[in-house]
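Student: Here it is, the structure, as structure tokens.
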Amino acid sequence: MYPNLYFALRDLFGVEWTFLRFVNSFGFFVAISFILAAVTLAAELKRKSSQGLLHPTEIQMMVGEPAGAGELLLNFLLGFLLGFKILGLFVMDSSATEDPQAFIFSGIGSWPAGILLGLLFAGLKWFEKYKRRLPKPEKRTIRIWPQDRVGEMTILALVFGLLGAKLFDIFENWSDFLNHPSSYLLSPSGLTFYGGLICAALSIWIYARRHKIPFWHLNDAAAPGLMLAYGVGRLGCQVSGDGDWGIENTATKPFSWLPDWFWSYTYPNNVNEAGYPIPGCVGKYCNELRTPVFPTPIYESIVCILLFLLLWSVRKRLKTPGTLFALYLMLNGLERFFIEKIRVNTKLNIFGFQPTQAEVISTLLFVAGLVLWILLRRKASPTKSTL
């Protein structure tokens, strides 16, 4: 397992670049997944715009004005935060930054680096506005297409997705959270996918309504990228060993050619530091599970990437708006429901049944997708005239 990129490059290439300790493996794959989702979403929105299915909105804005005090202050604060924490990781004594996650969530940082980077950001903003100044500022009308808003939608999905994933993880483990709140609130691990999906979807829906982007066309454009992002994100779970593994598996491999790590795995050096100490290992991330488990994240990665290819291949054939998204809901629900059978998860107690939170939500997603598919297809089919 590689909790951060330092361990990965040390193991794979024999190099020890200490600054890579600051790049969390899970976060690295999450960043890639958001980029891939944004690229596929932009491509689909652009295709739909070229077909006349989407239209631009017009906004009026003042151009030629100098940078205001609010803009300069905002850029200074952003630069200060990055300098205080991110640059601080590189310029401060190693004893303060040995644990990057603890450092990020602490009050420790580099004040000189923060002030210098804050002034740089504010200065760049002032210079940018200075270059575009006009003798007399004027109001102009600008047309913005839906694909031009992908950056804003990605940031919204990132912020509310991570917030929702963390909140749902807390709700799912409420009793343990009450006993150890700091281990949940200040930890980069412990994220529930469906919490992120639901909260991110709500934020994007509100944003789309505000900017008059057709709801079902937006959902269809996002569906393939959502499946791809989930598959790539699960690679991060596998590589870092963040606890999203399966139940114990001591059975013999069904095929001799199958790699051991693909059938059962002990997740050595996992980021959760779960299990027992590894003999001879010194420092953080020196634990591994005593009994091997199903490596479910890699299973989900493979299945979801294949499902992405399926959705991508049929996206042009499904003409009724919303049906591609309905298909995504059904496939996503099925995939997650069946993988739950071999995953470690907290069980709920509902009318005598003990499903996991993910089983309940995945079932609801499948039913919602099926109902949505039927309703949209019926609505789109031509009504037959009666004599």
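Student: Of the residues E16, E58, E65, E44, which single one is at negative phi, acidic (D, E) and touching a strand residue (DSSP E or B) at 6+ places or on another chain (Cβ under 8 Å)?
Tutor: Answer to the check: E58.
Student: When residues of region 25-60 are filtered for being touching a helix residue (DSSP H, G or I) at 6+ places or on another chain (Cβ under 7 Å) and either charged (D, E, K, R) or outside any helix (DSSP H, G or I) (or both), how many remain?
Tutor: Qualifying residue count, region 25-60: 5.
Student: Of the residues G241, G246, G195, which is closer than 27 Å to L324 by Cα, touching a residue at least 12 places away in the same chain (Cβ under 8 Å) and touching a Phe, Trp or Tyr at 6+ places or on another chain (Cβ under 6 Å)?
Tutor: When all the criteria are applied, what remains is G195.
Student: State whether the residues of region 33-50 include one that is closer than 22 Å to Y267 by Cβ and either among the hydroxyl-bearing types (S, T, Y) or surrounded by 12 or more Cβ atoms within 10 Å (Cβ to Cβ) (or both).
Tutor: Among the residues of region 33-50, at least one is closer than 22 Å to Y267 by Cβ and either among the hydroxyl-bearing types (S, T, Y) or surrounded by 12 or more Cβ atoms within 10 Å (Cβ to Cβ) (or both), which makes the answer yes.
Student: Right, next: L156: surrounded by 13 or more Cβ atoms within 10 Å (Cβ to Cβ) and either in contact with a Ser or Thr (Cβ under 6 Å, 6 or more places away or on another chain) or assigned by TED's automatic domain parsing to the domain that holds A37 (or both), yes or no?
Tutor: Working: surrounded by 13 or more Cβ atoms within 10 Å (Cβ to Cβ): yes; either in contact with a Ser or Thr (Cβ under 6 Å, 6 or more places away or on another chain) or assigned by TED's automatic domain parsing to the domain that holds A37 (or both): yes.
The answer is yes for L156.
Student: Inside region 312-345, can you point out the residues that are under 13 Å from W216 (Cβ atoms) and of a type in the set (V, I, T)?
Tutor: T320, T323
Student: Pick from L331, L348, L387, L375: which is at pLDDT 80 or above and more than 16 Å from P224 (Cβ to Cβ)?
Tutor: L375
Student: Do we have any residue at all in region 230-242 that's among the charged types (D, E, K, R) and out of contact with any Lys or Arg (no Cβ under 8 Å at 6 or more places or on another chain)? Explain how you work it out, then say what you get.
Tutor: If we filter region 230-242 for residues that are among the charged types (D, E, K, R), which is where we start, we get 234, 242.
Of the ones still in play, those that are also out of contact with any Lys or Arg (no Cβ under 8 Å at 6 or more places or on another chain) are 234, 242.
Yes, the conditions are met somewhere in region 230-242.
Student: Residues of region 239-260 being farther than 13 Å from N345 by Cα and more than 25 Å from the chain's Cα centre (by Cα), which ones?
Tutor: The answer is N249, T250, A251, T252, K253, P254, F255, S256, W257, L258, P259, D260.
Student: Could you tell me how many of the residues in region 240-263 are part of a loop (DSSP other than H, G, I, E, B) and surrounded by fewer than 13 Cβ atoms within 10 Å (Cβ to Cβ)? Outline the logic, then answer.
Tutor: So the first thing to find is which residues in region 240-263 are part of a loop (DSSP other than H, G, I, E, B), and the list is 241-245, 247, 249-259.
Imposing the further condition that a residue be surrounded by fewer than 13 Cβ atoms within 10 Å (Cβ to Cβ) reduces the set to 250-252, 254-259.
Count: 9.
The values are calculated or read from the model by the stated rules, or taken from the named source; none is laboratory data. Just so you know, these numbers come straight off a predicted model, no measurement behind them. Methodologically, a virtual Cβ is constructed for each residue, glycine included, from the backbone with ideal geometry; neighbour enumeration extends over all protein chains shown.
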